[in-house]
Amino acid sequence: MEQALVPEAEQPYKVPENWVWTRLGNITSVIGGGTPSSRVNEYYENGSIPWISPVDLSGYTNIYISHGKKNITELGLKKSSARIMPSGTVLLSSRAPIGYVAIAENVLSTNQGFKNFLPSVAYLPKYLYFYLKYSKLLLESYASGTTFLELSASKVSLVEIPLSPLVEQQRIVDCIESLFAKLDKAKELVQNALDSFANRKAAILHQAFSGELTANWRREHGIGIDSWEEKPLAEMCDSFQYGTSKKSEKNGNIVVIRMGNLQDGEIDWNNLAYTTSEEDIAKYLLKSGDVLFNRTNSPVLVGKTSIYRGEHPAIFAGYLIRINYKNCLIGEYLNYALNTQKSREYYNQVKSDGVNQSNINAKKLSKLIIPVCSVQEQQEIVRILVDLLGADQKAHAMINNIAKFDLMKKSILAQAFRGALDTNNPSEENAKKLLKKVLQEKL
């Protein structure tokens, strides 16, 4: 019994008096998965046993999993190191990546990318599920590998876990699920608001660059819509300049604008990097009104643009392009034009896709065609857009922290496994008896 308890000096943090720190290997059997060694397709054909790989849990949002992309036969199991896991088994992806978690809703099998925890009298499956979801960094600390980290069965058995009484485990699970449900509802409302803002902005930009917003202005000035032209950027720009390829620093004389600093058409001055290179400062120093284009990013984010307004001295990184436009354009107009739905559709057509990244080079960017009017009308369009989008932009800034919901969930889990959700009853039976019971069963 004493060997099953984690020494106080090794305990990650304090827990209530009626809880105990133990290790996963003491309270459950850890089973790895496997893959048939030969004639694999034969073992999948007409199989009835779901065979799970980590990719099946990529983007998976449910707690329970009942099927994967492939099924396996009894023969396939015999030709591999895999075995049937009963319902209630907790599945943990143990490599590439570490940390996907699910609970088997029915009998199934896994490949070798999993370490599986068989049902135990010591814990509720959901209790272990939530703890593993919370403990990604702890799990990775036990992993090893050069190409990618991998968690062996022997190592995962050593992972510490705070074991609470079963009745407290149920209260913790109930509390987590209740709080998560409220956060999910709030996140859904925020996402709906963001989608509404995006749709309204797209509609307003369409009106702006079709000439609709300035129809009255043209009538007042005796100008017709035939004054508008559609031109490629190449005709209206002197050059398209890539940023510095040098690695930025945590401290320095000048800010280095990176792709993460381009947000909603403006420069986000948080999470900054710096440079001390005089050569780079001379070559890439930004001037107020410069428009930056994000040439390399995820398929969704490639093509972001922002205008630099001279708030702080800065240069720009190599994943960005500075568009050196001629005096037939004003920067604010160009910045808006590059963010229209029509421009986004062009980016999607010409981007080159790689592993998790897309690229739009300067040559492709120079061929983007945008509608152009006189500089005076451009100024009027920008004035109207600032008025129309200004209030929405403030509301958008307030709700554009959707990632905070995930941070709040992490905070809830951190409190849950410290006994800080006000659910614990210190007079209840000590979890040591629960640990003793499971150790006796193992013997």
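The ellipsoid that matches the Cα gyration tensor of the stretch 332-402 has semi-axes, each √(5λ) in whole angstrom, of 26, 21, 7, with the longest given first. Working ranking of peptides 9-15, 53-59 by packing, defined as the average number of other Cβ atoms within 10 Å per residue, highest first, is 53-59, 9-15. With 10 Å bins beginning at zero, the pair-distance distribution over Cα atoms of the stretch 261-391 amounts to 11, 41, 36, 12, 0 %. Dimensions of the stretch 170-322 along the principal axes, based on C-alpha atoms and rounded to the nearest Å, stand at 71, 49, 27, largest first. With a 1.4 Å probe and all protein chains kept in place, how much accessible area does residue 291 have, in Å² rounded to the nearest 10? Its heavy atoms expose roughly 0 Å² to the probe.
If you take all other residues with their beta carbon under 11 Å from the beta carbon of residue 166, and give Lys and Arg +1 and Asp and Glu -1, the sum is 0.
This model, with +1 at the C-beta of Lys and Arg and -1 at the C-beta of Asp and Glu, gives the stretch 128-199 a dipole about its Cα centre of some 40 debye.
Find which of 265, 300, 129 sits farthest along the positive direction of the dipole of the chain, computed with +1 on the beta-carbon of Lys and Arg, -1 on that of Asp and Glu, about the Cα centre. Positive-most Cα among the choices belongs to 129. Scaled against the 2.2 N^0.38 Å expected of a compact globular protein of N residues, the Cα radius of gyration of the stretch 129-233 reads 2.21. Accessible surface of the chain, 1.4 Å probe: 51 percent of it comes from carbon and sulfur atoms. Taking all protein chains as shown and a probe of 1.4 angstrom, residue 325 keeps an accessible surface of around 60 Å².
Quick one: net charge around residue 193, please, counting Lys, Arg +1 and Asp, Glu -1 for every other residue with C-beta under 14 Å from its C-beta. Every neighbour counted, the sum reads +2. Qualifying trypsin sites (Lys or Arg not before Pro) in the stretch 57-161, where qualification requires a DSSP coil assignment and no more than 12 other C-beta atoms within 10 Å, comprise 69.
Using a probe of 1.4 Å, the accessible surface attributed to residue 229 totals some 100 Å² when neighbouring protein chains are kept in position. In the chain, taking the dipole from charged Cβ atoms about the Cα centre, the farthest positive-side position among 228, 288, 50 is held by 50. Among the listed pairs 126/410; 246/367; 69/187, those whose Cα-Cα separation exceeds 22 Å are 246/367; 69/187. Give me log10 I(q)/I(0) at q = 0.10, 0.16, 0.17, 0.21 Å⁻¹ for the stretch 73-179, Debye formula, one equal scatterer per alpha-carbon, no solvent. Log-scaled intensity ratios, in q order: -0.31, -0.76, -0.85, -1.18.
Over the stretch 367-443, the alpha carbon radius of gyration divided by the compact-protein estimate 2.2 N^0.38 Å works out to 2.55.
Taking a Cβ cut-off of under 10 Å around residue 65, the surrounding Lys, Arg, Asp and Glu residues balance to a net charge of -2, with basic ones at +1 and acidic ones at -1.
An ellipsoid equivalent to the chain, defined through the eigenvalues of its Cα gyration tensor, has semi-axes of 55, 25, 22 Å when rounded to whole angstrom and sorted largest first. Would you calculate a helix-derived [θ] at 222 nm for the chain, using -39,500 (n - 2.57) for each DSSP H run of n ≥ 4 and dividing by the full residue count, to the nearest 500? Taking each H run of at least 4 residues, the total per residue is -11500 deg cm²/dmol.
The values are calculated or read from the model by the stated rules, or taken from the named source; none is laboratory data. Just so we're clear, the structure is a prediction, and the values are computed from it rather than from any experiment. Glycine gets a Cβ as well: all are built from the backbone with ideal geometry, and neighbour counts include every protein chain shown. Accessible surface areas use protein heavy atoms only, side chains included; no ligands, DNA or RNA. Shrake-Rupley method; radii C 1.70, N 1.55, O 1.52, S 1.80 Å.
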